[in-house]
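Trainee: Sharing a structure here in structure tokens format.
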Amino acid sequence: MIGIFDSGIGGLSVLKEIRAKAPQADIVYFGDTENAPYGDKGAGDIRRLIAMALRRLHAAGATHIVSACNSASVPILSLPIDLLRLRLFDVVEMIGPTVEALAPRQKKIVLFGTHATVNSGLYQRAFRDKGVHIEAIAIPPLAGLIEKGASREDLYPIVREAVREAVAKNAGIISLSCTHYPFVRELFEKSLREEQSTADIFDPASAVAREVLKRFPIQGEGTLRFLVSKKSSVFDSYVETLFKTTPHTIEQAGSIYWSLKTV
């Protein structure tokens, strides 16, 4: 079974692409809504939250993991091999597929992400290993506001400021390297039009889904189960909108109190 985790709703954009390409796959999704967003947390805190998410997904039967959170990419790649005294999970994360998809393109790449993603420098190093220089811009409040269900009117000034900075850097491609950002893609597109920019917007979800199909055994009956660390009406709303034609369940995760206050 495939297990997907994110700090909240963001990874649903990745799940949607995986479901489109592999509708028969059995999938369990964990959204850590209690601790979202991860982008403003330190690497140590994120690592502890990832360990808890993996425990919950393993208990739910997951053997193959998709880390659908860019802020988690650095910590998850450094987790000890004997995590939980289980065999090493087979993991697909966000950075590798994004770099493989974008590095061959002959355009200036500007990456949008959280503070944790941008400050880690991992994307920058991964592209540099391919001989490509990128610019990275953090949009600190955006993921948290999307997670809380903020209005488009409140979100647009934040998006517009980031887009203006990217255009000033001569962006040819803008990578939405936080899985929350594709949910307001139309705001990025509107800002680009206002700036009279022809930059392409890249959503890594499709590249990640292709990597999942390449590396994971795709089998099952198409079951879809959602687990959350805290009930969230915003999460429920996104699930019902994106997967309304697919039978699914939404549950609060077990008896574990999923909070940094307890780890």
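Trainee: So which residues in the stretch 181-210 are among the small types (Gly, Ala, Ser) and closer than 26 Å to Ser151 by Cβ?
Mentor: Ser191, Ser197, Ala199, Ala205
Trainee: Same structure again: Of the numbered conditions (1) among the hydrophobic types (A, V, I, L, M, F, W, C); (2) modelled with pLDDT under 95; (3) under 26 Å from Phe235 (Cβ atoms), Leu142 fails exactly one; give the number of that condition.
Mentor: (2)
Trainee: Scanning the stretch 222-239 for residues that are crowded, with 17+ Cβ neighbours inside 10 Å and of a type in the set (A, V, I, L, M, F, W, C), which turns out nearest to Ala25 (Cα to Cα)?
Mentor: Restricting to residues being crowded, with 17+ Cβ neighbours inside 10 Å and of a type in the set (A, V, I, L, M, F, W, C), the top hit is Leu224.
Trainee: Mind telling me which of the residues Arg225, Arg210 ends up being of a type in the set (Lys, Arg), within 20 Å of Met1 (Cβ to Cβ), modelled with pLDDT of 95 or more and not in a helix (DSSP H, G or I)?
Mentor: Arg225
Trainee: While we're looking at this one, here's another question. Which residue is surrounded by the most Cβ atoms within 10 Å (Cβ to Cβ), if the candidates are limited to the stretch 151-174 and must be outside any helix (DSSP H, G or I) and among the small types (Gly, Ala, Ser)?
Mentor: Ala171
Trainee: Among the residues of the stretch 1-60, how many are assigned to a loop (DSSP other than H, G, I, E, B) and not polar (S, T, N, Q)?
Mentor: Count: 19.
Trainee: When you scan the stretch 105-113, do you find a residue that is touching a Leu at 6+ places or on another chain (Cβ under 7 Å) and over 16 Å from Ser13 (Cβ atoms), even just one?
Mentor: Yes, that holds for at least one residue.
Trainee: While we're on this one: Checking the structure you have, find out if any residue of the stretch 185-205 is part of a strand (DSSP E or B), buried (at least 19 other Cβ atoms within 10 Å of the Cβ) and out of contact with any Lys or Arg (no Cβ under 6 Å at 6 or more places or on another chain).
Mentor: yes
The values are calculated or read from the model by the stated rules, or taken from the named source; none is laboratory data. For clarity, every value in this text was computed on a predicted model and none was experimentally measured. Ideal geometry is used to build each Cβ from the backbone, glycine not excepted, and the neighbour counts take in all protein chains shown.
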